[in-house]
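As structure tokens, the structure follows; a few thoughts come after it.
The values are calculated or read from the model by the stated rules, or taken from the named source; none is laboratory data. Everything quoted here is computed from the prediction, not taken from an experiment. Counting neighbours? That spans all protein chains shown, and the Cβs are built from the backbone with ideal geometry, glycine included.
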């Protein structure tokens with residue numbers, strides 16, 4: 001039947017150009033059947049291709065999953081879990097100690113959020129990462145302990161660093177080498193950093209005075225005390241009571257005079273008390 005053909009004439013819109021094409025008559029009579037057969041064949045080819053891709057990709061992901069599982073199991077064997085727990089416990093303890101030191105000096109707490117370093121790292125090195133953070137916090141705690149920060153007394157600050165009117169009258173201006181904190185006689189005065197007492201006794205206009213030597217060239221001076229609770233060459237810790245508020249020496253009333261010196265040069269203590 002395919003030998004029997006039918007001519008199909010194609011004519012353009014103007015009717016001038018004509019073209020005849022011979023098509024097997026069987027195709028014209030059964031075009032629906034052949035169309036359905038062609039579509040079915042295409043769908044089968046697509047299904048076969050999808051199945052082939054699925055098999056390949058599922059095999060790849062299966063191998064990747066097995067590889068990842070083997071890595072996790074290897075990590076479990078390599079990582080010292082107890083060491084990690086101890087390291088992170090130490091970090092927590094360091095943070096608590098640092099915040100206690102800051103609270104003693106009237107400063108806000110320190111938080112360890114987004115502390116730095118890569119967000120993704122090899123889990124086999126997690127114990128090294130924990131140790132690194134712990135070591136960093138040890139250095140931070142050591143720095144805080146030996147740097148005079150915070151307030152030695154929580155009374156109201158009445159005088160700042162620099163020039164001021166002479167509190168004894170006459171309208172003159174004088175240079176003030178520290179900060180004054182208002183207080184009542186007998187109130188506690190605390191050191192602002194670890195150090196060694198290098199002076200404990202009367203000192204001219206400072207009255208009863210304590211001077212503490214700290215690391216990195218820092219010294220702190222506490223003047224006009226009514227009582228001194230430490231001795232020269234005594235080792236003291238941050239936040240330890242060294243004396244009591246008084247009005248000895250050149251003073252107009254009960255208060256604490258506080259100075260910070262760096263390598264013998266007086267500096268504004270307010271840079272370290274905020």
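For the reader, a short list of remarks on this structure follows.
- Those residues of region 89-104 which are out of contact with any helix residue (DSSP H, G or I) (no Cβ under 8 Å at 6 or more places or on another chain) and either modelled with pLDDT of 75 or more or under 18 Å from residue 149 (Cα atoms) (or both), in sequence order: 93, 96, 99, 100, 103, 104
- Among the residues making up region 229-265, those that are within 33 Å of the chain's Cα centre (by Cα), assigned to a strand (DSSP E or B) and buried (at least 16 other Cβ atoms within 10 Å of the Cβ) are 236, 258, 259, 260, 261.
- One residue stands out in region 156-213 among those that are in contact with a helix residue (DSSP H, G or I) (Cβ under 7 Å, 6 or more places away or on another chain) and part of a loop (DSSP other than H, G, I, E, B): the one that is modelled with the lowest pLDDT, namely 161.
- Take the conditions (1) closer than 23 Å to residue 99 by Cα; (2) touching a residue at least 24 places away in the same chain (Cβ under 8 Å); residue 271 misses just one of them, which is (2).
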